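Written out below as structure tokens is the structure these notes cover.
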Amino acid sequence: MGLLECCARCLVGAPFASLVATGLCFFGVALFCGCGHEALTGTEKLIETYFSKNYQDYEYLINVIHAFQYVIYGTASFFFLYGALLLAEGFYTTGAVRQIFGDYKTTICGKGLSATVTGGQKGRGSRGQHQAHSLERVCHCLGKWLGHPDKFVGITYALTVVWLLVFACSAVPVYIYFNTWTTCQSIAAPSKTSASIGTLCADARMYGVLPWNAFPGKVCGSNLLSICKTAEFQMTFHLFIAAFVGAAATLVSLLTFMIAATYNFAVLKLMGRGTKF
């Protein structure tokens with residue numbers, strides 16, 4: 001009955017903000033990592049097929065792409081683990097906050113967490129410890145590990161700053177592919193532009209993708225239009241857009257986590273000192 005009661009109380013005191021943020025984090029990371037991995041593979045094929053005939057010109061680019069793909073593997077693993085930890089921390093600290101405000105009755109889990117996060121009851125005799133339920137001891141041990149919202153706030157804040165840079169970097173390939181697609185639209189409709197079709201080009205060297213001595217390095221006119229019509233280009237472009245959306249969703253989830261963790265930490269810290277709102 002104790003386990004069922006604990007589960008029921010945990011569901012009643014579920015941190016809905018953390019639940020939404022966790023789902024958004026998992027969705028965003030999966031979208032960013034999966035689509036980003038395939039988009040980098042598609043970019044590698046486009047470069048070696050249309051923009052350079054010499055392997056030495058894009059050898060460094062391939063090494064960078066492979067390095068980013070390995071980073072993507074690690075990023076996916078880390079975020080799925082850290083998202084689960086943040087969700088667990090949200091359950092525990094939200095339960096402690098609601099216990100302080102009297103939103104629900106104290107349970108076995110609540111008692112274990114309360115003793116850890118809010119100061120709890122001290123000076124408990126050995127006899128009382130022997131009578132403690134085993135589930136309460138487990139929850140108390142978990143509370144010692146998860147009941148530190150200040151640490152989660154600091155880590156999440158630093159991670160949000162880092163991910164903000166990742167979000168900005170994920171917009172760069174979208175910008176490059178969008179410019180190329182726009183150029184192809186101008187080539188396809190020559191009446192809407194005053195420039196000659198032969199002068200409308202996509203130069204990979206201009207974006208630092210290839211060195212300046214790479215040959216041909218750029219594709220112009222009808223040749224560029226034929227590239228834009230290929231399935232590889234269309235798929236890679238849309239994959240980069242999806243990866244950008246995934247990065248944005250992950251950033252929103254981290255901000256939500258940070259706000260929720262900061263609020264819980266502030267309440268527990270102030271209430272622990274006896275300060276009233």
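The values are calculated or read from the model by the stated rules, or taken from the named source; none is laboratory data. Owing to the predicted nature of the structure, the values given are computational and were not obtained by experimental measurement. Because the Cβ atoms are built from the backbone with ideal geometry, glycine has one as well, and the counts that use them run over all protein chains shown. Just the protein is used for accessible areas: all its heavy atoms, side chains included, with ligands, DNA and RNA removed. Shrake-Rupley method; radii C 1.70, N 1.55, O 1.52, S 1.80 Å.
Could you check Val219 against (1) surrounded by 14 or more Cβ atoms within 10 Å (Cβ to Cβ); (2) modelled with pLDDT under 90; (3) among the β-branched types (Val, Ile, Thr) and say which number it fails?
Of (1) surrounded by 14 or more Cβ atoms within 10 Å (Cβ to Cβ); (2) modelled with pLDDT under 90; (3) among the β-branched types (Val, Ile, Thr), only one is false for Val219: (2).
Which one of these does Tyr263 not meet: (1) open to solvent by 40 Å² or more (accessible area, probe 1.4 Å); (2) of a type in the set (Phe, Trp, Tyr); (3) assigned to a helix (DSSP H, G or I); (4) within 30 Å of Pro190 (Cα to Cα)?
Of (1) open to solvent by 40 Å² or more (accessible area, probe 1.4 Å); (2) of a type in the set (Phe, Trp, Tyr); (3) assigned to a helix (DSSP H, G or I); (4) within 30 Å of Pro190 (Cα to Cα), only one is false for Tyr263: (4).
Has the stretch 1-16 got at least one residue that is farther than 24 Å from Asp203 by Cβ, assigned to a helix (DSSP H, G or I), at pLDDT 75 or above and of a type outside the set (Val, Ile, Thr)?
Yes, the conditions are met somewhere in the stretch 1-16.
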